[in-house]
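Here's the structure we're looking at; comments come further down.
Just so it is clear, none of the values below were taken in a lab; they were calculated from the coordinates. In this text, all values refer to a predicted model and were calculated from it rather than measured experimentally. Cβ: placed from backbone, ideal geometry, glycine included. Neighbour counts: every protein chain shown.
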Amino acid sequence: MKLSKIVITACILGLVFNTPSLWAQGKSQEKKAKQKIEKTEKDAEEYSKESREKAKEMAEKGKKKADKAIEEPKQKMKEKKEKAEKETGNAYGKNKGDLSGKAFGQARAADAQNKVKEHERELDEKERMLKDGKVRVDDARKRLEKAREEKKLSDEDLKKQEERIRNAENKLKRLETTIETSREAVRKERQRLEGVVLPQE
């Protein structure tokens with residue numbers, strides 16, 4: 001009987017002392033579960049916040065693209081309209097100041113003839129440059145031939161010099177072509193302006 005009392009007492013004591021630890025374990029598991037739930041809620045909240053921000057950014061980008069898509073055609077139409085307005089007429093007579101119609105026309109003709117003369121002067125200057133360039137290229141070619149005969153330069157240097165001379169000749173040919181076409185345009189403009197009578201001073 002003593003033994004059974006000891007066993008019963010031990011069981012009771014064990015239950016008494018173990019019960020709070022069981023309660024404590026239940027509470028810590030409860031805390032862990034609450035923490036997990038809170039963490040999950042925070043993560044979900046952050047994710048939804050990021051999603052909202054990304055959605056906002058995408059909406060703003062979409063709006064900008066849409067605005068751009070709308071604005072570009074408007075701008076093109078505006079430019080076309082301005083270009084069409086410019087092409088429809090010169091409106092030379094609108095701002096003629098104190099000049100009468102005849103005097104204004106004669107002043108414009110004089111300006112046109114002065115422009116032709118200025119173009120001719122520019123072409124003369126370009127022709128002088130062309131002649132100087134041709135002389136310089138000829139001199140360079142002679143110096144190259146002399147260096148080749150005396151074997152002063154290596155083959156590589158000779159090739160480089162020849163390439164430079166060819167490039168200079170090509171540029172001179174293009175300049176000559178430009179001068180010829182410009183001369184023809186000036187000649188045609190001068191013929192057109194011969195019909196305009198300038199006032200005698």
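Details
- Set of lysines near K36 by C-alpha distance (under 22 Å), chain-local residues within fewer than 8 positions excluded: K27, K49
- Backbone N under 11 Å from the A147 label point (7 Å along Cα→Cβ), restricted to the stretch 162-189: 162-165
- Rg to Rh quotient for the stretch 101-193, alpha carbon positions, Kirkwood Rh: 1.30
- The stretch 105-138: trypsin sites (Lys or Arg not before Pro) in DSSP loop, at most 16 other beta carbons within 10 Å: none
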